[in-house]
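*Asks:* Here you go, one structure.
Where a number appears in this text, it was derived from the coordinates with a stated rule and is not lab data. These numbers come from a predicted model, not from an experiment. Virtual Cβ from ideal backbone geometry, glycine too; neighbours counted across all protein chains shown.
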Amino acid sequence: MGTVTPFPLPDRTPLQIGFERLELTRILDLYGRMVAAGHWRDYAIQLGHEAAVFAAFRRSAERPEYRIEKRPALRNRQGMWALVGEHGMVLKRGHELSPVLAPVERRLLKIVEA
């Protein structure tokens with residue numbers, strides 16, 4: 001007879017990691033409020049094989065002030081969401097997006113004197 005060649009199984013790793021619509025809506029809502037408050041002026045989105053990154057800039061010629069990273073490979077360990085500061089230090093990590101964005105949203109709160 002002939003030689004049986006096994007059928008190749010599909011690779012489970014996606015070609016590109018991206019943000020879901022609700023996640024991107026939440027991030028862009030925060031970005032819009034930070035722009036309105038005068039903190040941020042520009043943003044960039046990078047979609048890759050290992051992570052999707054949203055970077056927010058004070059000025060477009062600088063390093064990003066914050067990076068919001070989604071790494072699904074870390075979903076079962078530390079959490080797939082990370083908030084990375086300007087110097088590359090991870091400021092917050094978690095399984096849900098809202099708690100990870102909390103330190104940035106705190107900057108929008110202002111003390112109002114009576």
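*Asks:* Taking the criterion of being without any contact (Cβ under 8 Å) to a residue 40 or more places away in the chain, of a type in the set (Phe, Trp, Tyr) and surrounded by 15 or more Cβ atoms within 10 Å (Cβ to Cβ), would at least one residue in region 19-35 satisfy it?
*Replies:* Within region 19-35, one or more residues are without any contact (Cβ under 8 Å) to a residue 40 or more places away in the chain, of a type in the set (Phe, Trp, Tyr) and surrounded by 15 or more Cβ atoms within 10 Å (Cβ to Cβ).
*Asks:* When you check Gln46 against the structure, is it surrounded by fewer than 17 Cβ atoms within 10 Å (Cβ to Cβ) and assigned to a loop (DSSP other than H, G, I, E, B), yes or no?
*Replies:* no
*Asks:* Taking the stated definitions as given, is Arg41 more than 18 Å from Leu108 (Cα to Cα) and over 9 Å from the mean Cα position of the chain (by Cα)?
*Replies:* Considered against the rule, which asks whether it is more than 18 Å from Leu108 (Cα to Cα) and over 9 Å from the mean Cα position of the chain (by Cα), Arg41 comes out as no.
*Asks:* Can you list residue pairs whose Cβ atoms sit under 7 Å apart, with the first residue in region 85-108 being farther than 17 Å from Lys70 by Cβ and the second being surrounded by fewer than 14 Cβ atoms within 10 Å (Cβ to Cβ) and among the small types (Gly, Ala, Ser)? Count only pairs 6 or more apart in sequence or on different chains.
*Replies:* Short answer, once both residue conditions are applied: Leu108/Ala37.
*Asks:* Quick check: anything in region 87-100 of a type in the set (Gly, Ala, Ser) and surrounded by 12 or more Cβ atoms within 10 Å (Cβ to Cβ)?
*Replies:* yes
*Asks:* Considering only residues that are under 12 Å from the mean Cα position of the chain (by Cα) and surrounded by fewer than 18 Cβ atoms within 10 Å (Cβ to Cβ), which ones fall in region 52-78?
*Replies:* Listed by number, the residues that qualify are Ala55, Pro72.
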